[in-house]
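Notes for the one structure printed next.
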Amino acid sequence: MTLYDDGLLAAQFAALAPEPLEGRWDDVLREAAAATAVSQGRRRYHVAFVAAVLVAAIGTAAYGTVRVLILDQGFIGLPPVGATPSTPESSDLVVEWFGFAEPLSAQQNRRDMVRAWVYADGRIIWDRRPHYLGGSRIPEGANELNSGYLEQRLAPEGVELVRAAAARLLAQSRALVEEIPAGEDPWWGSHDSRVALVVPDDYVPEWGVLAVPDGDRSARLLWGNYDAGFESMSAATPEQLSALRRVYALLTDPASALPSSAWSVQKVRAYVPSHYAVCIYTSPPKDAAELLSLLPGRAAELLRDKPRTPTADLATPGVGDCYEVETEGAREVTDALSGLVREEGWGTHWLRWRLDEAADGTPGNPTDISIEPYFPDGRIATSGPFG
Amino acid sequence: MSMGGLESDLEDLYRRRHRAFQVMLSSVTGSVESAMDVVQEAFLRALRNQGDFRGDGSLEGWVWRIAFRVAIGSQGSRELALDELPDVAFVDKSRNEALAAAVRRLPRQRRAAIFLRYFADLSYAEIGEVLGIAEGTVAATLSQAYKELGAELSTEEVAV
């Protein structure tokens, strides 16, 4: 028996073994089914390996033409063919954040815009945009203007830390917390804010909104400096500033703010939705048939029988309909819309087209068509330069 | 083993052994997260290519070979060649630098055998299957590895 026998080395190796992740056999089965469907479908793609789309990085191994599964790089609009959708398809939203954040680059003297959504299953989906062109770029981002929607996964402990930090801030700011319908965008939604917490001019985050769903309502808290011009403002106490700073750290830089035990998958990946919304907005309002009639015939045909939700455009004036389509359906609609004028920011911030003439022929009231991802809580994302 | 039952056998193997696969493969890929991706891809390929499993070895050995091919980026259905052995190392060598350094100095096949033994928890026969060498050769390989480690490390350095 030497010192280097089975038992001793086994103990040495056991002490050095990393902690494995939870298994996901269902994902394997789903991938297998998807691969079969693709191979039997009408469109057979052999996905070329491109620098921006990597199978989860394995050092610098030469992957050749390995089929793409997981995207390590954000994207705008639709994912590359074959990308694995994020799972589970649906989940409850725990906390939502939208606000400024310190830029990633020391050369940048203005803030980034960061949004983050934490879900009960552990996913934290986020995007980051420099406040002006030429700002900082995160390595996993889609482009220098927009990270695209990215995803990491928290362990239950991480979700609880975020939930507790948000609850603490709301509890400390009870008088300023407003109720809005759950699922409504806390910033762009229809419920204007009247009250806000006031933070000092040099404070980071100097502006933002936090929302925590509870049943069919969400508790919303806004903050900003006095220049924000809300109807009623209340200067933040040191305790509120501290609690706000904690939430800010957890949601804009969770890798630094959370312990390793709070993570399930810290590696940043693209959020790949399972479904997309094709939305048509116009003014004055039109009924569904009239709205569809504005589109190229092929696009209208693709959408006619899809689930439809009347909605308002959260970022620009207009009301209309959103049609729910699967990713391949969204791809076909995109092809069918290819002859339309693309809105500024197409491909760098969103997929949005504009009909040159309004539904009623009135100049200045164009019809917009956009394709946006669904989030796990069923809401339609609001893309664009400033969300 | 019938082909019809192979999917459930693969599921059973995954559920029993995915942690061992992750731990072992993290020594190839450098992180548990990327190792998890390799595990997923390896089992996916196993599911899709069930017909390639001839049943003349163990199912687990077959999946290990697929996993290594995925991990080192190799394509094709040929057997894993000796010169394609994955280059393995501890993910966090700072936790036992002496052992990490000693293991790193082992020839690649001995190093792979050591990791398969202690991270993948494979028997000599299974290691042989994965590496494509006889069980006796595995014993000799591991014995030689122990000897080299013994020469590298003092009793104090390897004390647990």
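The values are calculated or read from the model by the stated rules, or taken from the named source; none is laboratory data. As the structure is a prediction and not an experimental result, all values here were calculated from the model. Neighbour counts run over all protein chains shown; Cβ positions are idealised from the backbone, glycine included.
Descriptive notes on the structure:
- Selection within segment B:1-56 - farther than 19 Å from residue A:31 by Cα, hydroxyl-bearing (Ser, Thr, Tyr) and at the interface with chain A (Cβ under 7 Å from one of its Cβ atoms): B:26, B:29
- Among the residues of segment A:12-33, those identified as at pLDDT below 80 and within 7 Å of another protein chain (Cβ to nearest Cβ) are A:12, A:31, A:32.
- Scan of segment A:203-222 for residues that are touching a residue at least 60 places away in the same chain (Cβ under 8 Å) and either in a strand (DSSP E or B) or more than 26 Å from the chain's Cα centre (by Cα) (or both), ordered by number: A:208, A:209, A:210, A:211, A:212, A:213, A:218
- Which numbered condition residue B:60 fails, given (1) at pLDDT 90 or above; (2) within 13 Å of another protein chain (Cβ to nearest Cβ): (2)
- Qualifying residue in segment A:276-296 (condition: farther than 29 Å from residue A:30 by Cα, at pLDDT 90 or above and among the β-branched types (Val, Ile, Thr)): yes
- Boolean, residue B:136 is surrounded by fewer than 18 Cβ atoms within 10 Å (Cβ to Cβ) and modelled with pLDDT of 75 or more: yes
- Subset of segment B:88-129 (residues that are closer than 15 Å to residue A:14 by Cα, within 11 Å of the chain's Cα centre (by Cα) and assigned to a helix (DSSP H, G or I)): B:114, B:115, B:116, B:117, B:118
- Which numbered condition residue A:261 misses (of (1) within 24 Å of residue A:104 (Cβ to Cβ); (2) in contact (Cβ under 8 Å) with a residue 40 or more places away in the chain): (1)
- For segment B:28-44, the tally of residues that are in a loop (DSSP other than H, G, I, E, B) and either at positive phi or in contact with a Phe, Trp or Tyr (Cβ under 7 Å, 6 or more places away or on another chain) (or both) stands at 1.
- Cβ pairs under 8 Å, 6+ apart, first in segment A:332-344 and in contact (Cβ under 8 Å) with a residue 40 or more places away in the chain, second in a helix (DSSP H, G or I): A:333/A:299; A:333/A:302; A:333/A:303; A:336/A:298; A:336/A:299; A:336/A:302; A:337/A:299
- All positions within segment A:311-327 that are surrounded by fewer than 16 Cβ atoms within 10 Å (Cβ to Cβ) and at pLDDT 85 or above: A:326
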